[in-house]
Amino acid sequence: QVQLVESGGGLVQPGGSLRLSCVVSGSIFRVYAMDWYRQAPGKRRELVASITTEGMANYVLSVKGRFTGARDNAKNTVYLQMNSLKPEDTAVYYCNAEIQLSSGSGVNNYWGQGTQVTVSS
């Protein structure tokens, strides 16, 4: 069974930093794109960062220059370093991965359970 487990969330003051991690576990063949989404109360879930297998990252405009995505393919892990955090970054952050379970199977999306990030003084 495939699992995505996020960690690293918490309460931080404005201007502070947090580093989120997401580990993919289970019997898998290959992990393709790994993305970070977030959902604030009363808002739609939005894509924050998308990291390719080569480590190339794209970001939503609101976090460019403050957030950095990275991945360790050997560990099937993706990270999100969040600096200069603002109250509007408060949300539940979710990891999403495109995963192929075997060489003959298709690619499907899997979600983690989410980790809460709260930016407040």
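For a quick check of your reading of the filter: which trypsin sites (Lys or Arg not before Pro) in the stretch 54-116 sit in a DSSP loop and have no more than 12 other Cβ atoms within 10 Å?
On the way: sites: Lys64, Arg66, Arg71, Lys75; in loops: Lys64, Arg66.
Those that pass, being in a loop and sparsely packed, are Lys64.
Within the listed set Ser17, Ser62, Ser50, the Gaussian network model of the chain (springs between alpha-carbon atoms below 10 Å) gives the highest mean-square fluctuation for Ser62. With each label modelled as a point 7 angstrom along the Cα→C-beta vector, the Gln3-Val23 pair spans 1.0 nm.
Which FRET efficiency value, to the nearest 0.05, is calculated for Gln39 and Ser102 with the Förster distance at 41 angstrom and r the Cβ-Cβ distance? Computed FRET efficiency for Gln39 and Ser102: 0.85. Rg over Rh for the chain works out to 0.98, using Cα positions for both radii and the Kirkwood form for Rh. Taking amide H atoms as placed 1.01 Å from N in the peptide plane, the amide H of Thr90 lies under 5 Å from those of Val119, each 5 or more residues away in sequence or on another chain. Comparing mean-square fluctuations of Gly42, Gly55, Gly15 from a GNM of the chain with C-alpha springs under 10 Å, the top value falls on Gly42.
If the segment from Gln81 to Arg66 were pulled out straight at 0.36 nm per residue, it would be longer than the present Cα-Cα gap by 4.6 nm. For Phe67, the residues 5 or more places off, or on other chains, whose built amide H falls under 5 Å of its own are Asn83.
Bear in mind these aren't lab numbers, they're just calculated from the coordinates by the rules spelled out. Since this is a predicted model, take the numbers as computed values, not measurements. For neighbour counting, all protein chains shown are included, and Cβ atoms are generated from backbone atoms with ideal geometry for every residue, glycine included.
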